[in-house]
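Note sheet for the following structure.
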Amino acid sequence: MGRAFEYRKARKMKRWGSMSRTFTKIGKEITMAVKAGGPDPTANSRLRALMANAKAANMPKDTVERAIKKASDKDASDYKEVIYEGFAPNGIAVLVETATDNTTRTVANLRNYFNKKGGSLGNSGTVSFLFSHKCYFHVAPKDGITLDDLELELIDCGAEDFDMDEEEIVIGGAFESNNEIQKYLEDNGFTINSSEFVYEPAEYKELTAEQTAQVEALIELVEEDDDVQNVFTNMQASEEEE
């Protein structure tokens, strides 16, 4: 998992280079979480996780509280999480995760970006079968607990991937296991620094530097759209990016 994780982390830092964009992204996720599970973080596990993400992104506490309050308003924007699928140049599969209050606008914009950069936007199911939906938790190390200890306990919760360095432990599993993994970590006193949901390809496709640049041009254009939350591909990371 290590190299793939480092590539995702590098891309996320690049994508979230603007603090305002980071806060907007988290704010939309908070809105959807509150509308789905209510404004009380003690009863809403997804909201608790997003509050940890906000803290990790240095999002001010009062900004988070305003986002929760605003999301509780019956007149708040009703964002829908919609996944769009297609191909970038050179046969690279692309999943675009959006949070939108106007799907007509979003799909029109995405189709324009794909066409402009030599790709094609497809229908639901076009490439999703090439990816697995996964969750990752970034956890602070705990005295007396080894990675082996966590593996033994969390495998029963559905965890599949484990990695560790001096700063954090990264635990991954199928998306469907996220609630059970989060509950174990919280119940056993672990500090969850942040968490994320990702789409991971079963296999990566290697490209030349020129081909990679063509795909990157599309990804960067798509990521500039305000409705876009994340972009996932099956393009192999270059040595420089890893």
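The values are calculated or read from the model by the stated rules, or taken from the named source; none is laboratory data. Keep in mind that this is a model prediction, so the values were computed, not measured. When we count neighbours, we look across all protein chains shown, and the Cβ atoms used for this are built from the backbone with ideal geometry, even at glycine. Ligands, DNA and RNA are excluded from the accessible area calculation, which covers all protein heavy atoms including side chains. Shrake-Rupley method; radii C 1.70, N 1.55, O 1.52, S 1.80 Å.
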(request) Being within 13 Å of residue 60 (Cα to Cα), small (Gly, Ala, Ser) and modelled with pLDDT under 90 is the filter here, so list the residues in segment 15-38 that pass it. (result) 20
(request) Report, ordered by the first and then the second residue, all pairs with beta carbons closer than 8 Å, sequence separation of six or more or different chains, a first member in segment 165-191 that is under 18 Å from residue 141 (Cβ atoms) and open to solvent by 70 Å² or more (accessible area, probe 1.4 Å), and a second member that is in a loop (DSSP other than H, G, I, E, B) and of a type in the set (A, V, I, L, M, F, W, C). (result) 191/140
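I'd like to know if segment 77-88 contains one or more residues that are touching a Phe, Trp or Tyr at 6+ places or on another chain (Cβ under 7 Å), under 30 Å from residue 201 (Cβ atoms) and open to solvent by less than 70 Å² (accessible area, probe 1.4 Å).
Filtering segment 77-88 for residues touching a Phe, Trp or Tyr at 6+ places or on another chain (Cβ under 7 Å) gives 86.
Adding the requirement that they be under 30 Å from residue 201 (Cβ atoms) leaves 86.
Now narrow it down to the ones that are open to solvent by less than 70 Å² (accessible area, probe 1.4 Å): 86.
Looking for residues that are touching a Phe, Trp or Tyr at 6+ places or on another chain (Cβ under 7 Å), under 30 Å from residue 201 (Cβ atoms) and open to solvent by less than 70 Å² (accessible area, probe 1.4 Å), one finds at least one in segment 77-88, hence yes.
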(message) Given the criteria surrounded by fewer than 16 Cβ atoms within 10 Å (Cβ to Cβ), acidic (Asp, Glu), at pLDDT 90 or above and within 30 Å of residue 215 (Cβ to Cβ), does residue 62 qualify?
(response) no
(request) Among the residues of segment 103-133, count how many are within 19 Å of residue 219 (Cβ to Cβ), in contact with a helix residue (DSSP H, G or I) (Cβ under 6 Å, 6 or more places away or on another chain) and buried (at least 16 other Cβ atoms within 10 Å of the Cβ). (result) 4
(request) Given the conditions (1) of a type in the set (A, V, I, L, M, F, W, C); (2) in contact with a strand residue (DSSP E or B) (Cβ under 6 Å, 6 or more places away or on another chain); (3) without any contact (Cβ under 8 Å) to a residue 12 or more places away in the chain, report the number of the one that residue 95 does not fulfil. (result) (3)
